[in-house]
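Below is one structure, written out as structure tokens; the observations come after it.
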Amino acid sequence: MDLGLKGKVAIVLAASKGIGRACALELAREGASVVIGSRDQEALTRTAREIEAISQGRVLAVPTDVTRAEDIRNIVATTVRELGRLDIVVNNAGGPKPGTFEMLDEEQWVAAFELNLLSTVRLVREVVPHLRKAGEGRIINIVSTSVKQPIDGLVLSNAVRSGVVGLAKTLSVELAEDNITVNNVCPGRILTDRVRQVYRIEERISAGMSEEEALASVARDIPMKRLGDPAEMGAMVTFLASRQAAYITGTTIQVDGGLVRSLL
Ligand SMILES: NC(=O)c1ccc[n+]([C@@H]2O[C@H](COP(=O)([O-])OP(=O)(O)OC[C@H]3O[C@@H](n4cnc5c(N)ncnc54)[C@H](OP(=O)(O)O)[C@@H]3O)[C@@H](O)[C@H]2O)c1
């Protein structure tokens, strides 16, 4: 299936590794030019080279901390200056600090708000004029299954990411006549450094489990009995970015091997 992505330009944030990297790789494989941003310049450059190796379009790496408004303005301005247009934005960031309500202080709440919600507001503000100019656009937010079923011990994700879903639904209505779609994708447990950290994989291995046993223990309550591959997130995001997905907007879809038990 030709996804109509050749000649399109995509920004993928938080893309030096993990889910962001997988989304950028998949979009590039389908012919889009990609601009990746994250804080660690060395890791970002390494990832850009990997993407270049499989890409038919251009690849740019622009150091970006999504909590800094000027960095967001800069990556959008650099994209349009260097590549002449903008069609797709994958709005991703690091995860908020894990913890229960009583473990987290005011500063950590503000940090999560800036990292996972205000970054989205700032990005959308910058990109909408360029998407309108392109005649259509795709905004895809990476959130978490916490927006469908709160996760124990991740109160910041449970609370702050719901704000992204409310914002996205509002935007999907307000931007519909501009042919700009706005959707959210929820990773369940995808095998990345974040999941290794949240589920303490290294501690399980130090306690005597093999790597395979440690990963299987984290996957026990997933109906498919395995963790997801970042490429499986990349595939969903790339489909939502495609021309075939032009009529899909305001949705929140999980990639989770059946983990979420809610009906919707
Ligand atoms: N993996 C899962 O199963 C899962 C499940 C639910 C939700 N999520 C969420 O999905 C998102 C991506 O997770 P992941 O699993 O891919 O994590 P990961 O492998 O730890 O990667 C995180 C990425 O975010 C970047 N990043 C962190 N803080 C940033 C900032 N302030 N500005 C710009 N980039 C930043 C990191 O790059 P630099 O260090 O270079 O900045 C890195 O590229 C996170 O919000 C995570 O909470 C993941």
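The values are calculated or read from the model by the stated rules, or taken from the named source; none is laboratory data. Bear in mind that the values here come from a model prediction, so they are computed numbers and not experimental data. Because the Cβ atoms are built from the backbone with ideal geometry, glycine has one as well, and the counts that use them run over all protein chains shown. Each accessible area value is taken on the protein alone, full model and side chains, heavy atoms only, with ligands, DNA and RNA left out. Shrake-Rupley method; radii C 1.70, N 1.55, O 1.52, S 1.80 Å.
Need the list of lysines near Lys225 for cross-linking: C-alpha distance under 29 angstrom, and skip anything on the same chain fewer than eight residues off.
Once the sequence-local lysines are set aside, what remains near Lys225 is Lys17, Lys97, Lys148.
How compact is the chain by the rule of thumb for globular proteins, expressed as Cα Rg over 2.2 N^0.38 Å? Before the final figure, lay out the partial values.
Details: Rg = 17.8 Å, N = 264, 2.2 N^0.38 = 18.3 Å.
Relative to the 2.2 N^0.38 Å estimate, the chain comes out at 0.97.
In whole Hz, with x marking every Gly and Pro, tabulate ³J(HN,Hα) for the range 57-69 from phi via Karplus 6.51 cos²θ - 1.76 cosθ + 1.60, θ = phi - 60°.
Ordered by residue, 3J(HN,Hα) equals x, 8, 10, 10, 10, 10, x, 8, 9, 5, 7, 10, 4 Hz.
Using mean Cβ contacts within 10 Å as the protection proxy, how do 152-162, 75-85 order, highest first? Write out the running numbers ahead of the final one.
On the way: 152-162: 18.9, 75-85: 16.7.
The peptides rank, most packed first, as 152-162, 75-85.
Find the relative contact order for the chain and round it to a whole percent, using C-alpha pairs within less than 8 Å whose residues are 6+ positions apart.
20
In a Debye calculation with equal point scatterers on the alpha-carbon sites of the range 170-250 and no solvent, what is log10 I(q)/I(0) at q = 0.25 Å⁻¹?
For the range 170-250 at q = 0.25 Å⁻¹, log10 I(q)/I(0) is -1.12.
Rounded to two decimals, what is Rg over Rh for the range 82-147 when you use alpha-carbon atoms and the Kirkwood radius?
With Rh from the inverse mean 1/r over Cα pairs, Rg/Rh is 1.11.
Give, in nm to one decimal, the length gained when the segment between Ala176 and Arg85 is fully stretched (0.36 nm per residue of separation minus the Cα-Cα distance).
Working it through step by step, the gained length comes to 30.8 nm.
Where Lys and Arg each count +1 and Asp and Glu each count -1, what net charge lies around Thr64 among other residues with Cβ under 9 Å from its Cβ?
0
Pulled fully out, how much extra length does the chain show between Arg46 and Lys225, if you take 0.36 nm times their separation in residues and subtract their Cα-Cα distance?
61.2 nm
Using packing as a proxy for protection, rank 181-189, 204-212, 222-230 so that the peptide with the highest average count of other Cβ atoms within 10 Å comes first.
Listed from highest to lowest mean packing, they are 181-189, 222-230, 204-212.
Considering only protein heavy atoms, what per residue accessible area in square angstrom results for the chain with a 1.4 angstrom probe?
On a per-residue basis, 48 Å².
From the Cα gyration tensor of the range 1-135, with a ≥ b ≥ c the square roots of its eigenvalues, which class applies: rounded if a/c is under 1.5, or else prolate if a/b is larger than b/c, or else oblate? Walk me through the numbers before you get to the answer.
Working: a/c = 2.13, a/b = 1.61, b/c = 1.32.
In terms of gyration-tensor shape, prolate.
How would you rank 126-138, 96-108, 30-42, highest first, on the average number of other Cβ atoms within 10 Å across their residues? List each step's numbers first, then the result.
On the way: 126-138: 17.8, 96-108: 13.3, 30-42: 21.6.
Packing proxy ranking, top to bottom: 30-42, 126-138, 96-108.
Can you bin the range 111-264 into rounded, prolate or oblate? Criterion: square roots of the alpha carbon gyration tensor eigenvalues sorted a ≥ b ≥ c, rounded for a/c under 1.5, prolate for a/b above b/c, oblate for the rest.
Because a/c hits 1.5 or more and a/b exceeds b/c, the range 111-264 counts as prolate.
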